[in-house]
Structures are given as C-alpha cells and as structure tokens.
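Single-structure report; data block below.
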2 protein chains.
Amino acid sequence: MLMKLIFITNDDGVQALGIRTLAHLMSRLGRVVVVAPDSARSGAGCSITPTCPVELSAWHAFDGQDANDLLPEKGEYPIEYYTCSGTPVDCVKIASEQVLDAVPDLMVSGINHGDNASVSLHYSGTVGAVIEATLKRWPAIAYSLRSMEKLPDFSPYYDAILKVASHVLSQGLPPYECLNVNFPVVDELRGIRVGRMARGEWSGEWADAHHPHGKRAFWLTGRFTNLEPDSQDTDYYALDKGYTAVTPLHLDMTAYGSLDKLKGVLEEG
Amino acid sequence: MLMKLIFITNDDGVQALGIRTLAHLMSRLGRVVVVAPDSARSGAGCSITPTCPVELSAWHAFDGQDANDLLPEKGEYPIEYYTCSGTPVDCVKIASEQVLDAVPDLMVSGINHGDNASVSLHYSGTVGAVIEATLKRWPAIAYSLRSMEKLPDFSPYYDAILKVASHVLSQGLPPYECLNVNFPVVDELRGIRVGRMARGEWSGEWADAHHPHGKRAFWLTGRFTNLEPDSQDTDYYALDKGYTAVTPLHLDMTAYGSLDKLKGVLEEG
C-alpha cells in the first residue's frame, strides 16, 4: 500500500499543543506535513493576506520547558514542520504550491483550543483552512475542543480523532463537503453524534479597553447563546450532552429555496 | 411612515469610492449610518479581532483632491460616518452595540472594488460583514463590481443597486439568508439574473517577493477559473454575459444530504 500523505494546519500557531497532538496522531496513519501560522490567528475565518508578502520557513523546535509528556506517541511515519506568516487559509494555499510534493490524501486542522460549533464556525480559522482545502478537493476535517486552556488533556479524544480521520482517509468525502468535529470537555466521551449546525448568536461582545488617552476602544468578547436549545439534532446539543459532534459542511452557500421567488421579483432584461 | 435606518460597511475602507457611492444612494431611502474600516481590509472574510482592542471614531472628511463629482446625488436623509480599526465583521458588531440607536431596517456592504462571485465570497470581507449582519437578523446585501480600479464609474449600477435595496427594505429576507450582488463592467447593464454560486478555483497563487535577505517570501496573487463555464444558472455566467448577478446565500452550511450516511458509519454511544 502506498504511504498516505496528510497535511495539517491550525489557527493557534505551530507551537500549540493541539496541532502537535494532531501531528503525532496522524503520523500513525501516514506521512505528515505541517504548515501552520507562526503565531496565533484566532478568529481568522477564511481571511487571506493580499496586501503584503507571506513568509514560509522550515520550523525547528529547540529545548524549552519540556511538555513532551503531554503528547500522544508518534506513529511510524515522519513529520515535517513549516511555519507561515499568513493566515490559516494562506497556510493551505502556500503548502499546495510551495511545500507539498503531492496532493494530500487527507487534510486535518486543529485541534483548536475552543469549540467551533454552531455559527462560530464562520469566524474560525480552523474551519477556514478546511474550507480552503475542500476548495482544492482535499478530503478535510476540522477538530476543535470546547476549552480555551493552553494545555488541556486531549487524551480522551485520541480514539475519536483517529476514527473520523481513518474513515475519511479510506472513504473520502463528497465534492465540496468537509467535516466539522467538536469535542466537549469530558473525562470520557459518551460517543459520537452526527448533527446539523445549531442556530445561535453572540451578544454582549464589547468590553471597554480603557484607552489611556480617552479614545473609544473595546475588547471583543461576548457570550454565545444556542437559539434552539431543545433541538436534539444539533452539534451544540451533542456537545452539551458529552458527545463528539460531527457536522458535514457544504461550501455552496446558495439559498436554493429562494432562487425562484427572487427570479420572479428581481429578474429583468 | 417612519424613517428607515440603513447601516453600511465595506472592506475597502471608509475612503473608498464604493462605500461613498452606496452611502449617497442609500440616503435616498433612509437615514444612513456608516461604520467602515479605517483602511483597506481586502480578503478579510468573516475574520474578527480577538487579540487587541478595536478603536471606534467619528469620521470627518477634510479637503483634498476633490472627487465629489464622481458621487451620485445624496438623498434627503442624513449620513453619519464612523471608522473602526477592526475587520468588516468587527464594524458590524461594534455598530450593533456601540453606535446604532435602533435595529437597522437594512444593511448594505460595498460597493466592493472587485467581484465576490463564486467561491471568492468565502474570502470576502464585503460578504463577511453581510454574513454577520444576517446572524443579527438584519436584512443584508453585499454589492461588488468586477473591477479593481480605484475610481471606477459606478453610475451604470445605481438603478440596480436601488432596485435590490428597495425590494429588501420593503419585503425583508428569509431568516439566515442574505443577498450577494455582483456587477460586470459594462456601459449599460443587460438586466438582472438570479443564480447560484458557480464552482470555481484559484490557482497560480504565489509570486516570489524577492526577499532582500534570501528568505522565502511570496505575494498572494493568482487567477480564477470557473469550473462550470457552460452552466447558465450561475452568478459567474450572468456576469460574463453582462448581467447583474444576484445570489441568495444561506448561512447554515450543514451538508444535509450527508447526515444520514455519516450517522450510519460514525455514530456510537
């Protein structure tokens, strides 16, 4: 069997425990190439960098405060690391043309520190990178954990991560579709649930930053509300109940149900 | 009749001809409040600014090289301008909580200098802002012109802009839906066509930036290919034929057609 090629990026930067965990796990399934932002790019969505050059470098780790015991065991295949000064989407684009020597059999993004369920996926650089990979027709998965901790315990999720990745690696995904996988914070997962995006909203988003010279300046913060807490078929419900939430996403955002009505009222010429 | 409130932002910044044109046109339909980025934010997608404070200021124009003859006539209603140091989505979020004194009857974004048809909408700050407004349940429209010129002639599009805006202002839009409107570069529009997102891809995206110290640095550039040039029901086809392309977008990206199959293979517990 040919060795599989797995491409990895994230939005928390190459130094994050989440991406290092993912790289170690994926090296059990195939050869891994990582191109990740050189520092955190939270909230990057599908943004790109059109206004200045983007740098690409091989990345080498040096001795520091040793955290290697937090990582799962590496697999038998090699891992190569690169960093990029751009966004997560830039990482996918630059990997495609300047780093990878073949089309990846699988692309995974994360593990994000913070969940990307419901409407939060629109802001997510983790999901943004997966959307970009999907546009390149690479089977792609976003992984996120509902915890903003810097060094969370990812070990309860290893099996689910490998199960979903192995499925996509062997079966692929339909064109224009990718997977958004979110984990709850639990000692033991109750299982996996496939669900749709919950409808939700962010509010109370701006906190005064107390500008020293009296300008109006605010930190973006806020709280999320699930607008349909009783619906049992959503990603958010699954998370709340201690399940891994898997949501297939489609990149064609056309509202097909509204095409005919709009044709009637707007078309001319 | 109560005076309507119209909120405007863009991703080219408050100084762009596109947003000034839109503000003048919309002031014929209602009171206008603009909160726009303080400089260009092209390719911002749905990105947000979680890592540093965002500044908000009232914006005042001073004399410069006079370009006022490029603008359409103002309407009878007032226009207020603000700038924000964040992204287009930040502009919507900060307007909602710190600027607007009521829920807008309409939100419009643009006119973007450059089209946002097909998959390009995923990277678009113009569309990103409209997605954010839609999450806030404001009826919202993104306008973009297929021209990167700084001072294009927007006059061929005034009537279509007002027609679509008037329709949405009076009829609203279904929940979670917004409109993506793109204009071709023509002296005279052939009419309006309602169509779906074309499937397309960007390639040849990185140009060597010739870093002075030999690092690997690249400009993001590239060319777009419509992957279904013969399909006559797409936004891209309409643009190519000289029509205004109107595409209704839906913010729920769930791939509903894949839910059942994935439940069968992935669910457990």
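The figures follow:
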item: Residue check, A:Leu135 closer than 24 Å to A:Leu100 by Cβ, at the interface with another protein chain (Cβ under 8 Å from one of its Cβ atoms) and surrounded by 18 or more Cβ atoms within 10 Å (Cβ to Cβ); result: yes
item: Unique residue being over 25 Å from B:Val127 (Cα atoms), aromatic (Phe, Trp, Tyr), more than 7 Å from chain B (Cβ to nearest Cβ) and touching a residue at least 24 places away in the same chain (Cβ under 8 Å) when the list is A:Tyr243, A:Tyr236; result: A:Tyr236
item: Leading residue by the ranking (nearest to B:Lys215 (Cα to Cα)) among those in region A:48-66 that are surrounded by 11 or more Cβ atoms within 10 Å (Cβ to Cβ) and more than 23 Å from the chain's Cα centre (by Cα); result: A:Pro53
item: One residue from B:Gly125, B:Gly30, B:Gly13 being within 30 Å of B:Phe224 (Cα to Cα) and surrounded by fewer than 23 Cβ atoms within 10 Å (Cβ to Cβ); result: B:Gly13
item: Of all residues in region B:153-198 being aromatic (Phe, Trp, Tyr) and more than 8 Å from every other protein chain (Cβ to nearest Cβ), the one that is farthest from A:Lys261 (Cα to Cα); result: B:Phe154
item: Within region B:18-62, tally of residues that are under 22 Å from A:Leu220 (Cβ atoms), in contact with a Phe, Trp or Tyr (Cβ under 7 Å, 6 or more places away or on another chain) and of a type in the set (A, V, I, L, M, F, W, C); result: 9
item: Selected residue (only one of A:Trp202, A:Trp138 is in contact with a Gly (Cβ under 6 Å, 6 or more places away or on another chain) and not basic (Lys, Arg)); result: A:Trp202
item: Any chance B:Gly64 is under 30 Å from A:Ala129 (Cβ atoms) and either of a type in the set (Asp, Glu) or out of contact with any Asp or Glu (no Cβ under 6 Å at 6 or more places or on another chain) (or both); result: no
item: Test: residue in region B:111-124 that is within 13 Å of chain A (Cβ to nearest Cβ), of a type in the set (Val, Ile, Thr) and touching a Gly at 6+ places or on another chain (Cβ under 6 Å); result: yes
item: Unmet criterion (only one of (1) surrounded by 23 or more Cβ atoms within 10 Å (Cβ to Cβ); (2) at the interface with chain B (Cβ under 10 Å from one of its Cβ atoms)) for A:Pro37; result: (2)
item: Top-ranked residue in region B:77-87 [being in contact with a Lys or Arg (Cβ under 7 Å, 6 or more places away or on another chain) and closer than 21 Å to B:Ser27 by Cα; ranked as surrounded by the fewest Cβ atoms within 10 Å (Cβ to Cβ)]; result: B:Pro78
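Throughout, read-outs are computed from the coordinates displayed, never taken from laboratory work. The structure displayed is predicted, hence computed values, not measured ones. Virtual Cβ from ideal backbone geometry, glycine too; neighbours counted across all protein chains shown.
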